[in-house]
Every structure is written in C-alpha cells, then in structure tokens.
Amino acid sequence: MLRDRPLIVVSAHGGYCGDIPPGQPNFLTPYLRAIFATIGIETVDFLRLEGMSRGPDAVARSLDQARDWIERDLPKLLGKTLMSDGLSKVSVRVLDPTDDLDPRVRRA
C-alpha cells in the first residue's frame, strides 16, 4: 500500500459531463477513485476540461476554469504535502494548447 497523498487527475473531454446539457454520465471519476483507493490513495481531486471539441469559445472557457481551479485549489492541496516534505514553494505553468512545445513538431 502507498501512503495517502494528494493525487490530481486532469482529463479533457470533447463534450460535457453532468448537469450541463447535453450532459453525459460521469463514469471516470468513481472508477478512478475506486482504483486508486485499492492502492492506498484516498485524496483524489479532478480537474476536468470539458467542451474541448465545441469550438474556440468553449475551449477558452474550459482553460479559464482550469486556471481558476489551479490558482484557487492547487495551493491548498499541495500545501499539506509541501509542508510535510519540508518544501515551501511550487511553481505551476498552465500550458496553452497553442504553445509550441517542441520546435521540431510542425503544425498545419
């Protein structure tokens, strides 16, 4: 068994889960919670990027929500782990899908 620690699952979805019409059932969250619990990881948070195939406006909204979540919730989640590990500062960069991550990859 592993020692419980914060685990953050980031998933991207073309459509929407849950309450936003037409919401699809969310099978991923309970499944992953159960799987990680079997190895001792109980603290699981999810960052879902939804509507990623619904056009530039939907993608921009989803990325804004992700940035808000990272600014609001990530420090709280990491704070417990950082303090127990003796660290005090973390830097997080949200990658924009339009960034050129690898100059060797040519985009159409």
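The values are calculated or read from the model by the stated rules, or taken from the named source; none is laboratory data. None of the values given here were measured: they were computed from a predicted structure. Because the Cβ atoms are built from the backbone with ideal geometry, glycine has one as well, and the counts that use them run over all protein chains shown.
Residue-by-condition table, conditions (1) out of contact with any strand residue (DSSP E or B) (no Cβ under 7 Å at 6 or more places or on another chain); (2) assigned to a strand (DSSP E or B); (3) at pLDDT 90 or above; (4) loosely packed, with under 14 Cβ neighbours inside 10 Å:
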position	(1), (2), (3), (4)
ILE39	yes, no, yes, yes
LEU47	no, yes, yes, no
ASP57	yes, no, yes, yes
ALA60	yes, no, yes, yes
LEU82	yes, no, no, no
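So for the stretch 15-35 (the condition being part of a helix (DSSP H, G or I), among the hydrophobic types (A, V, I, L, M, F, W, C) and in contact with a Cys (Cβ under 9 Å, 6 or more places away or on another chain)), does at least one residue qualify?
Step one: filter the stretch 15-35 for residues part of a helix (DSSP H, G or I), giving 28-35.
Next, only the ones that are among the hydrophobic types (A, V, I, L, M, F, W, C) stay: 28, 32, 34-35.
Filter again for in contact with a Cys (Cβ under 9 Å, 6 or more places away or on another chain), leaving 28.
Within the stretch 15-35, one or more residues are part of a helix (DSSP H, G or I), among the hydrophobic types (A, V, I, L, M, F, W, C) and in contact with a Cys (Cβ under 9 Å, 6 or more places away or on another chain).
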